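Each reported figure results from applying straightforward, stated rules to the coordinates on display, with no laboratory input. These figures come from a predicted structure and were not determined experimentally. Cβ coordinates were reconstructed from backbone atoms using ideal geometry, including for glycine residues, and neighbour counts include every protein chain displayed.
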Amino acid sequence: MKLNLNIQPLHTWIKTGKEPLVIAGPCSAETEDQLVATAHLLAQTGRISALRAGIWKPRTRPGEFEGIGSIGLEWLKRAKAETGLPTAVEVATAKHVEEALKAGVDILWVGARSTVNPFTVQEIADALRGVDIPVMVKNPVNPDLSLWIGALERINNAGITKLAAIHRGFSSYEKSAFRNEPMWDIAIALKTLAPELPLINDPSHISGNRDLIGYISQKALDLDMQGLMIESHIDPSVAWTDAKQQVTPAALADIIDHLALRKPETRDAAVNDKLAELRQQIDKIDDLLIQKIAERMQIADKIGNYKKDNNITILQVGRWDEIVQKRTNYAKALKLGTEFTEKLLELLHSESISRQTAIMNQNEAGQAAEKLTHV
Ligand code: PEP
Ligand code: MN
């Protein structure tokens, strides 16, 4: 089912002519010089559509730099006046919204630590009622698509139609190269549910490390995301927040220059014909896969009945280990990744187990129900 959002296209509220759309600026506004000088260098690259800066910083631990506060809004005003770049700031309370609007900020965004809390999001939404301003909603810190959708709906219900989502990755216990796991499938799920909702990627907060920004940006564009939000600082080595992930304006221009822009569609008939042919092959294979999985489940059901008749437990760990071992070896030989194969087997196995559990308990539950009706 599609989401029922009332959305205006991206180009109605931000310059999208330059491709890809890039919103850039420091993680935090630190000093007037730092912000204004960064803004000038960014504007000179000619590749930036808006200037971002954190004025109020939601920090995980107290005692860290919590943002320069309202004075930063004056610096943003100056940066805008001198460069012509529209400005974007994060808001987390009704008061932030009020001050940002008063200072003429052009775009607001809701941060990942706010999206997790419906009370906070509602407070922001209420403060926005009757105001015509673009709002971007970052995904929540935790991998929960509903929270992200809920925040977008709350802001949209307040009458904000210039709306976009920002994909900045998710907290995860699993150690990886990224600061926040991209979990691309969650962003893709949102895009599928709301195809008209602009989706902007934030490679800086996903990467946590400037070396990965190009790689993540390319992947986001290849997934047909409409833009990028990238942190840029005149001298990242001395940045007060997120120093490791910020890039100089020159490095940012270089990253953008190296991005390949691929189109979601083409008018080239030969290319479309070839694609259609390959897609037909995929469709056929998918049908076969589904058919084979259904056959596998029928056999699993038979085994379930047999185990029940012979009083054997559903799970035999030895057998399962053997399956995983043999299949992953085979899959590896066919150039399938081990992690993928394990996930696939896990999914098949858990479905088999739940069907067998239902079979095991079916008759007992039926008999119990029958006994009750006979009383
Ligand atoms: C930020 O954009 O600087 C920020 C605090 O990001 P997030 O809300 O994604 O952590
Ligand atoms: Mn940051």
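Annotations for the structure displayed:
- Whether segment 10-257 is rounded, prolate or oblate, judged on the alpha carbon gyration tensor where a/c under 1.5 counts as rounded: rounded
- Label-to-label distance, nm, for residues given as Leu278 and Gln298 (7 Å Cα→Cβ offset): 3.4
- A simple charge model with +1 on the Cβ of Lys and Arg, -1 on the Cβ of Asp and Glu and nothing else charged puts the dipole of the chain at about 460 debye relative to its Cα centre.
- Global geometry of segment 1-88, whether rounded, prolate or oblate, following the gyration tensor of its Cα atoms and the 1.5 cut on a/c: oblate
- With an a/c value of 1.5 or above and a/b not larger than b/c for the gyration tensor axes a ≥ b ≥ c computed over the alpha-carbon atoms, segment 269-374 is described as oblate.
- Residue separation of Asp144 and Asn117 scaled by 0.36 nm, minus their Cα-Cα distance, works out to 8.5 nm of gained length.
- Cleavage-rule hits (chymotrypsin sites (Phe, Trp or Tyr not before Pro)) in segment 149-223: DSSP loop, at most 15 neighbouring Cβ within 10 angstrom: Tyr173
- Between the beta carbons of Lys102 and Thr12, assuming R0 = 22 Å, the FRET efficiency works out to 0.40 to the nearest 0.05.
- Per-residue Cβ neighbour rank within 10 angstrom, fewest leading, Val271, Val135, Val116, Val324: Val271, Val324, Val116, Val135
- The aspartates and glutamates whose alpha-carbon is closer than 18 Å to the alpha-carbon of Lys274, local same-chain residues fewer than 8 away aside, are Glu265, Asp283.
- Computed E for Thr31/Leu193 - FRET, C-beta separation, R0 51 angstrom, nearest 0.05: 0.75
- Each of Trp13, Gly214, Gly54 was placed along the dipole of the chain (beta-carbon charges, centred on the mean Cα), and the one lying farthest toward the positive end is Gly214.
- Treating r as the C-beta distance of Ala250 and Leu288 and R0 as 41 Å, the FRET efficiency rounds to 0.20.
- Gain on full stretching of the segment that runs from Glu66 to Lys263 - 0.36 nm per residue minus C-alpha separation: 66.9 nm
- 20 Å Cα-Cα threshold exceeded, pairs from Lys138/Lys191; Lys263/Lys335; Lys263/Lys284; Lys219/Lys335; Lys191/Lys332; Lys219/Lys263: Lys263/Lys335; Lys263/Lys284; Lys219/Lys335; Lys191/Lys332
- Derived from the Cα gyration tensor, the three semi-axes of the equivalent ellipsoid of segment 218-335 are 49, 28, 12 Å, largest first.
- Scattering curve values for segment 113-192, log₁₀ I(q)/I(0), Debye with Cα scatterers, q = 0.15, 0.19, 0.23 Å⁻¹: -0.52, -0.77, -1.03
- Listed by chain and number, the aspartates and glutamates whose C-alpha is less than 12 Å from the C-alpha of Lys77, apart from same-chain residues fewer than 8 away, are Glu32, Asp106.
- Ranked by how many other beta carbons lie within 10 Å on average, peptides 282-290, 61-69 from highest: 61-69, 282-290
- Highest mean packing first, where packing is the average number of other Cβ atoms within 10 Å per residue, the peptides 95-103, 136-144 line up as 136-144, 95-103.
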